[in-house]
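Student: Pasting in a structure now, in structure tokens, and then I'll have a few things to ask.
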Amino acid sequence: MNTDTENDPQPQIIAAGNDDTTNSAHEYGNDNPTTTAATSTAAEASESTPAAEVTVEPEEVQKENGSGAPFLIDTAASAKINDDATEDTKGAEEEETAATDNNKTEEAKVEEEESKPIIKKVVPPLPLDWTKMAECNEEDIAPVDQIRYPWDVMDIPLPPDQSETQFLIVGTAGQKITRMGSNLCDYVSKNLTHLVLRSHLIRTMEGISKLKHLELLELYDNMIDEIGDLSSGELVDNGEEDDDGLPATNLRVLDISYNVIRDMNPVSQCRNLQELYIAQNKIKSIRGIGQLTQLRKIDLGANRIRVMEEEELSGLINLEELWLGKNKIEHIGGISKLTKLRRLDVQSNRLTSIENLEGQVDTLEELYLAHNGIDVEGAKCPTGLALPFKQLNTIDMSRNRLTDTSPFAHLTSLNELWISGNDIKTFDDVEYIRSLVELDGVYLEYNLVASDFEYRKKLVEIVPNLTQIDATMV
């Protein structure tokens, strides 16, 4: 055999077979020519094709196989394993190199930052001009915050004409007064009887006390929260004023509706007042009118009143009109002595019955009770509509809980009946008003009966004298 071939590390190739073949394959110096020839051929092949370097550990492989059986070695697979291992090693080395480079780069950045000189920035002081209120033009100020007197919105000749008895300014956009002026008397006639400052932005009543002849004062639709300056007199020990109490005692009409007044008690100074309008304010109780025996009309609608105070109302013996709509009243009362009352309005309250109207049997002409919770039984109370009213010509009971018209059957003086928006379903429920020969207008819309195809025709058959059904003429 060739010495070079013997020295070359060659993988040992063993053919699996029986025990005899295995033993003979491990014998050295075998003279079998066949074996020798095969060995020579393998050696020649090894010389022509260099074998890959593969490390083989037969004993470990045998241990993994669990026996000492012959085994085969795949040269290509072993080479691939070594290549993969080499690549893994190279990859790990590259990653380690990259990490080292990154560390060096970070260290270099830190060193570079540390080597830079420290520059301290000086912050300039804050400008404080922006915190100061800028000077605003009059156009930039809200209308309610502007100061405007009557003479700022109207040309008033000075000295004022003393023959003038009326002074009227109605507010318009951009021309609303915010102050009446304590020296108002210097710009108006001292003989002024009518002062009207309607729809402005006035908060305080002032400058009135020196207008001794004032009979009508209208401050409707302003922002007044307190009634004041109606008299310049002060009370002395006997409880009387040290002067004539003008202009309060001379006032006949006071209209301060649509303001934000909470206490109406100061009107007690106006002892000769005939008409008082304090609607749409924030009044919770009726006060200050018990001694105003000359009152003929009072409007306290759209406030927060819950009780009709008999102590205050019973003294109004000349009262003809009482308007208390849009409050929180649950019972009608306190009006038994109002024997001249012609119009009573308690609509949009919390009534469930009509009562205590005995004092108005001979005088009541108009009764407004819409938007309450009154049913048929509540309307038939003995002290309510069951009474034989002689002058009652108009009743408004729209938006209540009526199921028929029986409460009105005996009211032969009725001229207009408003009962829309109730629960009247059939014409049998309407038959009760057949006896009302004076009735010429009826409102039954928004009841189920009004949906009948011949609604208008049948209604005229029941009440032949009708000239108006709902909002349409017959």
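Student: Loop only by DSSP, 15 or fewer other Cβ within 10 Å of the Cβ. Give me the GluC sites (Glu not before Pro) in the stretch 389-441 that pass, ordered by residue number.
Tutor: Details: sites: E416, E431, E438; in loops: E438.
Listed in order of number, the matching sites are E438.
Student: Then there is this: Counting only Cα, what are the radius of gyration and maximum Cα-Cα distance Dmax of the stretch 328-408, in Å?
Tutor: Considering the stretch 328-408 through its Cα atoms, Rg and Dmax are 11.4, 32 Å.
Student: L387: net charge of surrounding residues, Cβ under 11 Å, Lys/Arg +1, Asp/Glu -1, itself excluded? Let's see the in-between values first.
Tutor: On the way: positive: K380, K390; negative: E355, E358, D362.
Value of the local net charge: -1.
Student: Another question, if that's okay. From Cα pairs below 8 angstrom and at least 6 apart in sequence, can you work out the relative contact order of the stretch 349-474, rounded to a whole percent? Intermediate results must be reported in sequence, preceding the final value.
Tutor: Working: 276 pairs, mean separation 24.3, N = 126.
Relative contact order for the stretch 349-474 comes out at 19 percent.
Student: What accessible area per residue, rounded to a whole number of Å², is obtained for the stretch 349-405 using a probe radius of 1.4 Å? Spell out each step's value before the answer.
Tutor: Numbers: 2210 Å² over 57 residues.
Averaged over the residues of the stretch 349-405, the accessible area is 39 Å².
Student: Sequence-distant or interchain residues sharing an amide H contact under 5 Å with T383, placed H: which?
Tutor: Amide H neighbours of T383: N356.
Student: Could you tally the net charge around G441, taking each other residue with its Cβ under 11 Å from the Cβ of G441, Lys/Arg +1 and Asp/Glu -1?
Tutor: Numbers: positive: none; negative: E416, E438, D440, D470.
Once positives and negatives cancel, what remains is -4.
Student: Can you pull the accessible area of V253 for me, 1.4 Å probe, Å² to the nearest 10?
Tutor: Answer for V253: close to 30 Å² accessible.
Student: I've got another one for you. Taking all protein chains in place and a 1.4 Å probe, what share, in percent, of the accessible surface of the stretch 337-442 do carbon and sulfur account for?
Tutor: Details: 1900 of 4250 Å².
Roughly 45 percent, rounded to a whole number.
Student: Let me ask something else about it. Hey, what's the per residue convex hull volume over the C-alpha atoms of the stretch 183-328, in cubic angstrom? Could you put the intermediate results ahead of the total?
Tutor: Values: hull volume 15.5 nm³, N = 146.
Value for the stretch 183-328: 106 Å³ per residue.
Student: Right, here's the next one. In what sequence, highest mean first, do 344-357, 164-177 appear when ranked by Cβ atoms within 10 angstrom? Could you put the intermediate results ahead of the total?
Tutor: Details: 344-357: 20.3, 164-177: 14.9.
Peptide ranking by packing, descending: 344-357, 164-177.
The values are calculated or read from the model by the stated rules, or taken from the named source; none is laboratory data. Only a predicted model underlies this, so the values are computations on that prediction, with no experimental measurement involved. Cβ: placed from backbone, ideal geometry, glycine included. Neighbour counts: every protein chain shown. Quick note on the areas: whole protein, heavy atoms, side chains included, nothing else; ligands and nucleic acids left out. Shrake-Rupley method; radii C 1.70, N 1.55, O 1.52, S 1.80 Å.
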